[in-house]
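Just so it is clear, none of the values below were taken in a lab; they were calculated from the coordinates. Remember, it's a predicted structure, so these values are computed and weren't measured experimentally. In this analysis, Cβ positions are derived from the backbone assuming ideal geometry, glycine residues included, and neighbour counts consider all displayed protein chains.
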Amino acid sequence: MTGGRPGPRRLADGALVLASAVGTALLLDLAGVPSAALFGGLVAGLVRGLAGRTALDVPRAGTAAAQAVIAVSIGALVDLDTLAAIGGDWLPVLLVTVATLLLTVGAGLLLRLQPGISPVTGAFAMIAGGASGITAMARELGADDRMVAVLQYLRVLLIVVLMPVVATAVYGADPGAGTAASAPAAPGWPAGLAFTAACALVGVPLARLVRLPVPALLGPLLVAAAADLSGLSRGAEVPAVVEAAAFLLVGLQVGLRFTVASLRTVGRALPLALAIIVGLVLACAGLGLVLSAATGVSRLDAYLATTPGGLYAVLATATGTGADATFVLAVQVLRLFVMLLAAPLVARRLRPRPG
C-alpha cells in the first residue's frame with residue numbers, strides 16, 4: 001500500500017491500516033450503516049492520514065481493480081426486463097433524468113460559494129446517482145475525492161434516514177403493503193468471480209483502445225451491461241466479498257489523502273453543503289411530480305424513482321410499501337448510467353483550461 005518498493009516497516013504499516021479498515025467496516029455493518037465497507041476504509045484511512053508521519057497510498061493497481069469491480073457491480077444491474085418497465089414512457093423518463101443531471105451539476109456549482117472548492121469538485125459532490133462510482137473516478141478526473149466522498153455519502157445518509165418517513169407521511173405509503181420479491185437464483189460465487197474478471201480483462205483494454213476516460217471504470221461498466229443485456233452473464237453477479245473489498249480500497253484511497261487542512265475545508269463546507277443537499281432532494285421530489293403527471297404512475301412510484309441516491313434503500317422501501325419496484329429500479333438504473341457516463345464530460349467542461 002505504497003508507491004515504489006515497500007520496505008518491511010511500510011508493509012507492516014499498510015497491513016495495520018488494512019486490518020483496521022476491515023475491523024471498522026465490520027462494526028459499521030453490524031450497526032446497519034449503509035456502504036459500511038467504504039466508510040470503514042474511509043475512517044481507517046483518515047485516522048492514518050492524520051496521524052502518520054509519512055504518506056501512505058493505495059497502489060495504482062489496487063485502485064484500478066477496485067474501480068473495475070465497482071463498475072461490473074453497477075453494470076450487472078441492467079437487464080431487459082428492468083428496462084422494459086419504462087416502456088412507452090422512455091421520453092419523459094429520459095427528460096427527467098437529464099433535468100436531474102443539470103439540477104445536480106447546478107447545485108454543485110453553488111458550492112463554489114465556499115472557498116477552496118473547485119467547480120468540478122462541487123459538481124461531482126452533488127451528482128445524484130452512483131455515489132461509489134463517482135467517488136472512485138473523482139480523483140482521476142480532477143476533483144477532490146475527499147470532499148466528493150463526504151458530501152456524496154452525506155446525501156445518501158440523509159435520504160436513507162428520511163425517505164421511509166417521507167414515503168409514509170407525504171405519499172401515504174403503507175409499510176406493510178408490499179411483499180418481498182423472490183429474486184431468481186444467481187449462479188454461485190465462482191461464476192460471479194469469473195464474470196467479474198472477464199468484464200475487467202475485456203473492458204479495460206477495450207476502453208483504452210477507444211480512449212474512453214477512466215478506462216478502469218467505464219470499460220468494465222459497459223461490458224458488464226452488454227453481457228447482462230445479451231444474456232451472456234446468465235445472472236452472474238460480483239461476489240459480495242469482492243465487492244466489499246473494492247469499496248474498502250476506494251474508502252482507503254480517499255481517507256489516506258486527508259490532511260488537517262483538507263479536513264477543515266470539508267468541515268467548513270458542511271453547513272452550506274447540507275442546505276444545498278436539502279434543496280436538491282426537494283427539487284428532485286418536484287421532478288417526481290412532473291414524472292407522475294407525464295407518465296401516469298403514482299406519485300409514490302415517481303418520488304422513489306427520482307430520489308437522488310440510496311438505490312438499495314429506495315428498492316427496499318419500494319418493495320416494502322407495494323410500490324412498482326421494477327419501474328423504480330428502471331428509472332434509477334437509467335439515471336445511474338447517465339450520470340456515470342456524463343461525469344467525464346462534466347469534468348472536462350468545468351476543469352480550468354491551460355493558460
Practice prompt. Average the reciprocal distances over every distinct pair of alpha-carbons in segment 87-172, invert the result, and give the Kirkwood radius in Å.
Written response: 14.1
Item to complete: Classify segment 69-119 as rounded, prolate or oblate from the Cα gyration tensor: take a ≥ b ≥ c as the square roots of its eigenvalues, call it rounded if a/c is under 1.5, otherwise prolate when a/b beats b/c and oblate if not.
Response: oblate
Worksheet item: Shape call for segment 177-316 from the C-alpha gyration tensor, a ≥ b ≥ c root eigenvalues: rounded (a/c under 1.5), prolate (a/b greater than b/c) or oblate?
Response: oblate
Worksheet entry | Ellipsoid semi-axes in whole angstrom, largest first, where each is sqrt(5λ) of the Cα gyration tensor of segment 1-141 | 34, 21, 15
Fill in: For segment 59-207: rounded, prolate or oblate by the Cα gyration tensor [a/c cutoff 1.5]
oblate
Worksheet, complete the sentence: Scalar couplings 3J(HN,Hα) for segment 274-290 by Karplus 6.51 cos²θ - 1.76 cosθ + 1.60 (θ = phi - 60°), nearest whole Hz, x for Gly and Pro, are 5, 5, 5, 4, 4, x, 5, 4, 5, 5, 5, 5, x, 5, x, 5, 5
Discussion item. Taking Rg/Rh (Cα atoms, Kirkwood Rh) straight from the coordinates, which label in (1) 1.01; (2) 0.93; (3) 0.96 is the correct one?
Written reply: (3)
Worksheet, complete the sentence: With no solvent term and unit scatterers on the alpha-carbon positions of segment 253-355, Debye gives log₁₀ I(q)/I(0) at q = 0.18, 0.21, 0.22 Å⁻¹ of -1.00, -1.12, -1.15
Response to the item:
Rounded to the nearest 10 degrees, the helix 36-51 long axis (Cα) sits at an angle to the longest Cα principal axis of the chain of 30
Response to the item:
If each part is reduced to its alpha-carbon centroid, segment 246-293 and segment 113-159 end up apart, in Å, by 6
Fill in: Pairs of Cα atoms farther than 15 Å apart, segment 45-85, %
63
Discussion item. Helix-only estimate, please: 222 nm mean residue ellipticity of the chain, summing -39500 (n - 2.57) across DSSP H runs of length 4 or more and dividing by its residues, to the nearest 500.
Written reply: -24500 deg cm²/dmol
Worksheet item: Taking trypsin sites (Lys or Arg not before Pro) that fall in a DSSP loop and have at most 14 other Cβ atoms within 10 Å as cut points, what is the longest piece of the chain between them?
Response: 54-210
